[in-house]
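So the structure is just underneath, and the comments pick up after that.
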Amino acid sequence: MHTDISPTVLITGGAGFIGSHLATELLQHGYHVRILDNLIPRVHGPERQQPGHLDRRVEFFTGDIRDLHCVQEALKGVDSVIHLAAVVGGRQSMYQIEKYVSVNTAGTATLLEALLDHPVKRLIVASSSAVYGEGLYCSYNGTIYPKVRRSPAQVAKGDWEPRSPEGEVIYPLPTPETKEASPLSIYAVSKYDQEEMCRMIGEAYGIPTVILRLFNVYGPHQGYASPYSGMLTEYAYRLLQGKSVYLFEDGYQQRDFVSVYDAVRAFRLALESPSATGGTFNIGSGRPHTFRTIADHLAVITGRQDLSPIITGIGRVGDIRHCVADISRAREILGYEPEIPLEAGLLDLTTWIRAEIEGWQKVPAPLEIPKPSRLPV
Ligand SMILES: NC(=O)c1ccc[n+]([C@@H]2O[C@H](COP(=O)([O-])OP(=O)(O)OC[C@H]3O[C@@H](n4cnc5c(N)ncnc54)[C@H](O)[C@@H]3O)[C@@H](O)[C@H]2O)c1
């Protein structure tokens, strides 16, 4: 239901995984949706075509978020903006530094400059759990550790669990928005930049701004290369091809996997909720799941319980051990409640991958076929 927010929403980066689902969610709730996206090859392939699954009712502007003129044109007649346009991925950001800072940080700066001449009723920014680095931890005696980091030497030894400065193992807690940011990659720094810039300009110019810190969003149409949950696409694909999945470390790392349908509903609530303005909200499922659990569920769904996961014992520098959302604030203020249980979400994901594979078998593969890019060499 609409409140006082007028119905034309610009989604930057709206042709991507989350954006395409968000467009459908908003259209179904009576909004007019415009997308500004430059269709980067990494997500959309070398032909840079609009995704076939994107709802045809959207109004599409092809353009770069860093091009002020393009952004100004895209903002004409728009009431609210949901800013998703970004290059995504921590590992790649550590060597494509300029690109990540340019698109994510400078691109957001361009959007904000354009908004000064075109005030909107609401600006919603897709931030990330990556800003936290590791999640919140505590010791056996209840001491809280808000800023934890495993050293490369610790990871190299296969000593996976984070430790206190005194060397004792510490335990993950649900991570609230109040936990100090501790970005561990240029990507995470750029997401934090986006938050800070939007908060600051929003306050200075009276643009009602909402920050959503998304956890590991998964669902149909997510490429295997996505650093968040692309491994779910990859695991299901491998199992359907009769291959075991590979798990890093010991497979007991905890993440918060949230269905894309829950995530896009959170965006709509952030758009509609009168008390959301000025807030920062974790959007996750609120439940911890290990990679082993995911692999086991997918083995059951694909009927390949005979294929045990291969535990590589390999740790990668920069990977976090555990991070799971405390979603109480989103529950209380946005009225957000995750509705898709993990099992149902994984079944939906697998059904999509199965259909994709069948499609590829009928016609010569038009799409990038998921490759097991994350396997250890
Ligand atoms: N997927 C997740 O689990 C997750 C988790 C946390 C945060 N996020 C954030 O959510 C947003 C969307 O993520 P996603 O998974 O849909 O990513 P995605 O890569 O599928 O989509 C990003 C879109 O942005 C577009 N884009 C990239 N550079 C652009 C530019 N210079 N100008 C205009 N458009 C550009 C791409 O073409 C793509 O369509 C991103 O801001 C990401 O940081 C995603």
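Taking N as the number of residues in the range 135-235, what is its Cα Rg relative to 2.2 N^0.38 Å?
Against the compact-globule rule of thumb, the ratio is 1.36.
Taking all pairs of different Cα atoms in the range 8-360, averaging 1/r and flipping that mean, what Kirkwood radius in angstroms comes out?
Values: mean 1/r = 0.0480 Å⁻¹.
Evaluated on the range 8-360, it is 20.8 Å.
Sorting Lys99, Lys76 on the 10 Å Cβ count, fewest up front, what's the list?
Working: Lys99 13, Lys76 10.
If I rank by nearby Cβ atoms, fewest first, I get Lys76, Lys99.
How much length is gained if the chain between Asp55 and His118 is pulled fully straight, taking 0.36 nm per residue apart and subtracting their Cα-Cα distance, in nm to one decimal?
So the extension gain works out to 20.0 nm.
Over 30 Å between Cα atoms, which of Lys99/Lys147; Lys121/Lys191; Lys99/Lys179; Lys99/Lys157; Lys99/Lys243 qualify?
Check vs 30 Å cut-off fails for Lys99/Lys157; Lys99/Lys243.
So how long is each side of the range 18-157 along the principal axes, counting just the alpha-carbon atoms, biggest first, in Å?
55, 34, 31
From the residues Thr350, Ile65, Thr178, which one has its Cα farthest along the dipole of the range 8-360 in the positive direction, the dipole being from +1 and -1 charges on Cβ of Lys/Arg and Asp/Glu about the Cα centre?
My answer, from the dipole projection, is Thr350.
At 0.36 nm per residue, minus the direct Cα-Cα distance, what do Ala106 and Thr178 gain on full extension? Give it in nm, one decimal, please.
Numbers: separation 72, 0.36 × 72 = 25.92 nm, distance 2.61 nm.
So the extension gain works out to 23.3 nm.
Among the trypsin sites (Lys or Arg not before Pro) in the range 157-233, which ones are in a DSSP loop with at most 15 other Cβ atoms within 10 Å of the Cβ? Mind listing them?
Numbers: sites: Lys157, Arg163, Lys179, Lys191, Arg199, Arg213; in loops: Lys157, Lys179.
Counting only loop positions with at most 15 other Cβ atoms within 10 Å, the trypsin sites (Lys or Arg not before Pro) in the range 157-233 are Lys157.
Out of the range 229-322, which trypsin sites (Lys or Arg not before Pro) are coil in DSSP terms and have no more than 15 other C-beta atoms within 10 Å? Numbers along the way, then the final one.
Working: sites: Arg238, Lys243, Arg255, Arg265, Arg268, Arg292, Arg304, Arg316, Arg321; in loops: Lys243, Arg304, Arg316, Arg321.
Those that pass, being in a loop and sparsely packed, are Lys243, Arg316.
Got the relative contact order for the range 8-360 handy, in percent, Cα pairs under 8 Å and 6 or more residues apart?
Numbers: 704 pairs, mean separation 61.4, N = 353.
Relative CO of the range 8-360 lands at 17 percent.
Whole-Hz ³J(HN,Hα) for each residue in the range 308-317, computed from phi via Karplus 6.51 cos²θ - 1.76 cosθ + 1.60 with θ = phi - 60°, x for glycine and proline: what do you get?
6, x, 9, 8, 7, x, 9, x, 10, 4
Taking the Cα-to-Cβ direction at Gln96 and at Ser244 and moving 7 Å from each Cα, how far apart do the two end points lie in nm?
Between Gln96 and Ser244, the label points sit 3.2 nm apart.
Taking loop as defined by DSSP and a crowding limit of 13 other beta carbons within 10 Å, which GluC sites (Glu not before Pro) in the range 1-90 fit? Write out the running numbers ahead of the final one.
Values: sites: Glu25, Glu47, Glu59, Glu73; in loops: Glu47.
Answer by residue number: Glu47.
Could you list Tyr205, Tyr137 in order of exposure, starting from the residue whose Cβ has the fewest other Cβ atoms within 10 Å?
Values: Tyr205 12, Tyr137 24.
In order of increasing Cβ crowding within 10 Å: Tyr205, Tyr137.
Taking the convex hull of the Cα atoms, report for the range 188-249 its projected area averaged over all directions, in nm².
For the range 188-249, the mean projected area of the Cα convex hull comes to 6.0 nm².
May I ask you to sort Trp360, Trp352, Trp160 by Cβ crowding, counting other Cβ atoms within 10 Å and putting the fewest first?
Trp360, Trp352, Trp160
Which percent, nearest 5, of DSSP beta bridges in the chain are antiparallel?
Expressed as a percentage, antiparallel bridges in the chain total about 20.
Every number in this text was worked out from the coordinates using simple rules, so none of it is lab data. Keep in mind it's a predicted model, so treat the numbers as computed, not measured. Methodologically, a virtual Cβ is constructed for each residue, glycine included, from the backbone with ideal geometry; neighbour enumeration extends over all protein chains shown.
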